[in-house]
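The values are calculated or read from the model by the stated rules, or taken from the named source; none is laboratory data. All values reported here derive from a predicted model rather than from experimental measurement. Cβ coordinates were reconstructed from backbone atoms using ideal geometry, including for glycine residues, and neighbour counts include every protein chain displayed. Ligands, DNA and RNA are stripped out before the accessible areas are found, and what is left, the full protein with its side chains, is counted by its heavy atoms. Shrake-Rupley method; radii C 1.70, N 1.55, O 1.52, S 1.80 Å.
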Amino acid sequence: MFLSVFDMFKVGVGPSSSHTMGPMVAGAKFLDLLRAAPFQAHGVRAALYGSLAFTGVGHATDRATVLGLAGFVPADYDHEKAEAALARIREDKVLRPEGLGELAFDPGADLRFDFGPALPGHANGMLLEALDAQGDVILQETYYSVGGGFVLTADELAAGKDTDDGPAVPYPFKSAAEMLEMASISGKTVAQMKRANEVSRGGAARLDDGIARLWEVMEGCINRGLEGDGILPGGLGVKRRARRIHEQLLAERGLNQSAPHVCNDWMSVYAMAVNEENAAGGQVVTAPTNGAAGVVPAVIRYWLDHVPGATRAKIPDFLLTAAAIGGLVKYNASISGAEAGCQAEVGSASAMAAAGLCAVMGGTPEQVENAAEIALEHHLGMTCDPVKGLVQVPCIERNGLGAIKAVSAASLAIRGDGTHFVPLDAAIETMRQTGHDMHEKYKETSLGGLAVNVPNC
């Protein structure tokens, strides 16, 4: 099992990795199929199923699907160009993806939300079809957006989670127990093993440059969020709060009047800044998803700005350690809110952040595993119930609390010797089972929980 740090952390666009980035990626993949096909398509159409249908408008899934079929991809998304393209497509009812000529597409008629049963492979399913001039289907593919911007075809999903066509890596752990055993035998940290795996696949220069880019985008997202103001889009009327809270915290510095627990406000404001940017459709890094994108960067920023001895030189160790834990969660359970609730998103992010912080604070591999377990264990059972299908309530504040739990978990683990009662593998398996048993209305459908018990307009 190998999941790269660049699989767990992807530069993308808000508000959702599974509902925005995933459908955009699926559209781009379908265009590649069309380019390789031996026939000329006249038009295309799309159908969204399961969670993609129920919360699709709030998550901008409709926009993302259209943009994906128009040739846009998350990694180099340009907001102004996207808005211009959408306006043109609504007017002309034509897509003009590179290398395919004009394709008929009426967003109002050719993009369908199917509110019936979900497709069999995953809660986030979509069907893309190409049509000839007579309107007959000449090519179709089913895609599943399985969380964190990962997209699989129906055949790829059926092939199994452990498919990895690349060469063997030096430390191929697929469980926390194997990770700890390899660390003990090799004498290496989790970050060192993860780095060796990454270098074996892509080289040191690519790894170092890529990680630097990830933190650049994360930090830029925090800073934009701390400066942003106004009302978030979507109709709930949610106000941006990060800027005002940050200004208050800055004004209180040096007055010797703040309570010790104000450190929690610093963690929260960094996370909220990211998720307010995400809710506004800005550039974020999946960590491991958009809905949980604030936790990891918030903990890094808190560590850099508030913890003595912190240094930017250790950021790669933080992100590599976090990616190793995130890979274990994704491989053995899920990072998708539509599959397992918010325990799979903010819970996974908190475990990743806790492990990363523990590592850069000098924790042993056993303490790192303990930190991840503490954070994940205390998110078990958390539902995904976004009001009006928007990644705003309770998602923005929830990232702040996920960051606080991550820091607490890392601190508790550092004060121990690494031995503990519940293994991380057990917490991950419990999360998987809990997600399987969780009622569908609590898994990113906005049919239960807060989504139906507070006003949503």
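Points to keep in mind about this one:
- At full extension, His439 and Leu380 could sit 19.8 nm farther apart than now, given 0.36 nm per residue minus the alpha carbon distance.
- Rounded FRET efficiency, nearest 0.05, which uses the C-beta distance separating Gln140 from Ala177 and R0 of 45 Å: 0.60
- Region 332-430: equivalent-ellipsoid semi-axes (sqrt of 5 x gyration tensor eigenvalues, Cα, Å): 25, 14, 9
- Trypsin sites (Lys or Arg not before Pro) within region 356-457, DSSP loop, no more than 14 other Cβ atoms inside 10 Å: Arg415
- The mean of 1/r over all distinct Cα pairs in region 15-64, once inverted, gives the Kirkwood hydrodynamic radius of 11.8 Å.
- Over region 272-397 - Rg/Rh using Cα atoms and the Kirkwood inverse-distance radius: 0.97
- Val11, Val73, Val296, ranked by accessible area, largest first (probe 1.4 Å): Val73, Val11, Val296
- Ranking Ser268, Gly135, Ser51 by how far each Cα lies toward the positive end of the dipole of the chain (charges on Cβ) leaves Ser268 at the top.
- Two-decimal ratio, region 327-390, of alpha-carbon radius of gyration to 2.2 N^0.38 Å: 1.19
- 0 to 90° range, to nearest 10: angle between helix 79-92 axis and the chain longest Cα axis: 20
- With bins 10 Å wide beginning at 0, the percent of Cα pairs of the chain falling in each bin runs 5, 22, 31, 25, 13, 4, 1, 0.
- Shown in residue order for region 360-376 are the 3J(HN,Hα) couplings computed by the Karplus curve 6.51 cos²θ - 1.76 cosθ + 1.60 at θ = phi - 60°: 6, 8, x, x, 6, x, 5, 5, 4, 4, 5, 4, 4, 5, 4, 5, 5 Hz (x for Gly and Pro).
- Nearest-ten-degree value, helix 424-437 long axis tilted from longest Cα axis of the chain: 40
- Amide proton proximity set for Val94, modelled H, under 5 Å, gap of 5+: Phe105
- Contact order normalised by residue count of the chain, Cα under 8 Å, 6+ apart, percent: 18
- For region 100-161, the Cα gyration tensor yields ellipsoid semi-axes of 24, 14, 11 Å (square root of five times each eigenvalue, largest first, whole Å).
- The long axis of helix 22-36 is offset from the longest Cα principal axis of the chain by roughly 50 degrees.
- Surface composition of the chain: carbon plus sulfur atoms contribute 52% of the solvent-accessible area (1.4 Å probe, protein chains only, all chains present).
- In order along region 206-218, the Karplus-derived 3J(HN,Hα) couplings, from 6.51 cos²θ - 1.76 cosθ + 1.60 at θ = phi - 60°, round to 4, 5, 5, 5, x, 5, 4, 5, 4, 5, 4, 5, 4 Hz, and Gly and Pro are given as x.
- In whole angstrom, region 42-165 maps to an equivalent ellipsoid with semi-axes of 24, 17, 16, each derived as √(5λ) from the alpha carbon gyration tensor and ordered largest first.
- Note on Asp132 and Arg253: the extension gain reaches 37.0 nm, defined as 0.36 nm multiplied by sequence separation minus the Cα-Cα distance.
- Extension gain, Glu397 back to Asp208 (0.36 nm per residue minus Cα-Cα distance, nm): 64.9 nm
- Cα-only Debye scattering, region 169-280: base-10 log of I(q)/I(0) at q = 0.10, 0.21 Å⁻¹: -0.54, -1.00
- Once the Cβ-Cβ distance of Asp76 and Val452 is raised to the sixth power relative to R0 = 30 Å, the FRET efficiency obtained is 0.20.
- Amide H to amide H distances under 5 Å link Val284 with Gly12, Val13, Gly14, where only residues 5 or more positions off or on other chains count and H is placed in the peptide plane.
- If the convex hull is drawn through the Cα atoms of region 395-457, its volume per residue in Å³: 108
- Along region 309-316 the Karplus relation, 6.51 cos²θ - 1.76 cosθ + 1.60 evaluated at θ = phi - 60°, assigns HN-Hα couplings of x, 5, 9, 4, 4, 8, 4, x Hz to successive residues, with x for each Gly and Pro.
- Spin-label zone in region 248-287 - amide nitrogen under 11 Å from a point set 7 Å from the Cα of Asp305 along the C-beta vector: 248-251, 265-274
- Ellipticity estimate at 222 nm from DSSP helix runs (n ≥ 4, -39,500 (n - 2.57)) divided over the chain, nearest 500: -15500 deg cm²/dmol
- Kirkwood radius and radius of gyration were both taken over the C-alpha atoms of region 1-107, and their ratio Rg/Rh is 0.98.
- Amide H contacts of Met382 (H built 1.01 Å from N, in plane; Pro and chain starts excluded): Gln343 sit under 5 Å, all sequence-distant by 5 or more or on other chains.
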